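Nothing in this text is a laboratory measurement; each read-out follows from the coordinates by a stated rule. Model, not experiment: these values are computed from the prediction. Because the Cβ atoms are built from the backbone with ideal geometry, glycine has one as well, and the counts that use them run over all protein chains shown.
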């Protein structure tokens, strides 16, 4: 149902490098690069993550209460991807752990521009 989610960034090259490396385990690559906007995913026919320099040319700002949550295949993959994000320059916003007993396991981080993301798995 979701086509793509867009995050405002201040440095396109840094953002493309961060997200293509972080999401490489999912087979994600830059599917479209329009200069001030790039779409990263497995194909243009599947949900993607878009990064862009804001159209109004104002500095990007993370949305208060906004977050992009990316599904993982296991708790181990949540842990692995969280640590990969941190190694790539993200900051911790909630270490990996069980959030709802027997229901939800997740890890939270902020990208180099302060956008909040999570990797999660149900169960």
| request: Any chance you could give the angle, 0 to 90 degrees and rounded to 10, that helix 75-87 forms with the longest Cα principal axis of the chain? | output: 40 degrees
| query | What spacing in nm lies between the two simple spin-label points modelled at residue 91 and residue 104, each 7 Å away from Cα in the Cβ direction? | reply | 2.4 nm
| query | Using the Cα atoms of the chain to build a convex hull, what is its mean projected area in square nanometres? | reply | 7.5 nm²
| message | Can you order the peptides 55-62, 6-13, 92-99, 105-112 by their average number of other Cβ atoms within 10 Å per residue, highest first? | response | 105-112, 6-13, 92-99, 55-62
| note | Quick numbers on segment 66-123, Rg and Dmax over C-alpha atoms in Å, give 10.5, 33
| field | Diffusion coefficient, µm² s⁻¹, Stokes-Einstein with Kirkwood Rh over alpha-carbon pairs of segment 1-54 at 37 °C and 0.692 mPa s | value | 303 µm²/s
| How much length, in nm to one decimal, is gained on full extension between residue 74 and residue 25, taken as 0.36 nm per residue of separation minus their Cα-Cα distance? | 16.3 nm
| Expressed as an acute angle from 0 to 90° and rounded to the nearest 10, what is the orientation of the C-alpha long axis of helix 12-22 relative to the principal long axis of the chain? | 30 degrees
